[in-house]
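Derivation of every value follows stated rules applied to the coordinates shown; laboratory data play no part. Note that the structure is predicted; figures quoted are calculated from it, not measured. Ideal geometry is used to build each Cβ from the backbone, glycine not excepted, and the neighbour counts take in all protein chains shown.
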Amino acid sequence: MASDGRSHGAAPQMRGPSTHPVVVDVDIWQVPLIARRSWIERNVAVLSDGERRRAARRIIPRDGDRFAISHIALRLLLSRYCDVPPAALSLVTDEFGKPRLSGDQACRDDAGPLQFSLSHAADAALVAVTRKSAVGVDVERVRPWADVSGGGLAPFFCPRELAALRNLPPDALADALTRCWVRKEAVAKALGTGMIRRSLASFEIDVSARDHDGALMWAGPPESTPTLRDLPMSSGYLAAVAAIGSLRRVVNRRATVRELTARCAAREPRARGR
Ligand SMILES: CC(C)(COP(=O)(O)OP(=O)(O)OC[C@H]1O[C@@H](n2cnc3c(N)ncnc32)[C@H](O)[C@@H]1OP(=O)(O)O)[C@@H](O)C(=O)NCCC(=O)NCCS
């Protein structure tokens, strides 16, 4: 075990910011996870048995509702992009838990396979949708973090990131740490691994940057170089999006769950007719 608490050997050599030839445009949907019970009951049928079971497993009923709302919203949104009814979407997960659309549903036009990422925290969900490249999004509520000086954060941050965080004045810490966390998680989700050490050790975030937009320090293979952008969020939340490739256009949209169902209902006949 290294002195920073990581189980890997020598620290990776960061090659510095680099660009990637693939240009990536992303739509970001911000969906408040607020819905009437009657809306949930009307729409829960679009979820798969597995999604319904996962919602039911939540100990706190409100968490189960939020899980269900976020997954209904995800299906409603993806349905718009690939023109398949929400309940008919086939979502599969890989060995790391990253979900994707089954091949034929993801590739319904020449623009490239539809890729997405979902994140939910408290009352907020974000869905990132793109073609061409893997994408990751993360949203978190800004909250105090218990232990910056001890070893608790070491598995998740590089030594330089930790040093920068530990130098911050206490009143700046909650914001800076949450910001750094969402950036790291967005990249880890774009890479598809989630927050595992091997993946987290391959890149480094500039903790001091207020608005991150662009390349990062990267020690992984050139063909999977990520870029990262902070996202505007409602007060009390922070969020970031990352993609494998060079992020270009990021369009931020907001929709309530009622708006999503209304738009989906308007499109339904066309989707069914295909
Ligand atoms: C995956 C992970 C990043 C989720 O983070 P989180 O802050 O708890 O939750 P978020 O709301 O931001 O994201 C959750 C969503 O990320 C997606 N997701 C799950 N695993 C993912 C992965 N490896 N890569 C990209 N996206 C992933 C799913 O859509 C998930 O939604 P769901 O749980 O409602 O189905 C985090 O749990 C993690 O890093 N886990 C470690 C890897 C791991 O243990 N994988 C499981 C192996 S089976």
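Some observations on this one:
- Restricting attention to the chain, close to 85% of DSSP beta bridges with both partner residues there are antiparallel.
- Listing Ser199, Ser235, Ser70 from fewest to most neighbouring C-beta atoms within 10 Å gives Ser235, Ser199, Ser70.
- Separation of the Arg263 and Ser235 label points, Cα + 7 Å toward Cβ, nm: 2.7 nm
- Label zone at Val22, where the point sits 7 Å out along the Cα-to-Cβ direction: segment 85-107 residues whose backbone N lies under 19 Å: 92-107
- A simple spin-label model places the labels of Ser90 and Leu168 4.4 nm from each other, with each point 7 Å out along Cα-to-Cβ.
- Taking every C-alpha pair closer than 8 Å and separated by at least 6 residues, the mean separation divided by the residue count of segment 23-273 gives a relative contact order of 25 percent.
- Highest mobility in the GNM of the chain, judged by mean-square fluctuation with C-alpha springs under 10 Å and restricted to Leu247, Leu173, Leu231, is found for Leu173.
- The Rg/Rh ratio for segment 38-137, using Cα coordinates for both the radius of gyration and the Kirkwood hydrodynamic radius, is 0.96.
- Estimated at 0.36 nm per residue, the fully extended path between Arg108 and Ser149 surpasses their Cα-Cα distance by 9.8 nm.
- Set of lysines near Lys132 by C-alpha distance (under 18 Å), chain-local residues within fewer than 8 positions excluded: Lys98, Lys189
- Sorted largest first, extent of the chain alpha carbons per principal axis (Å): 58, 42, 31
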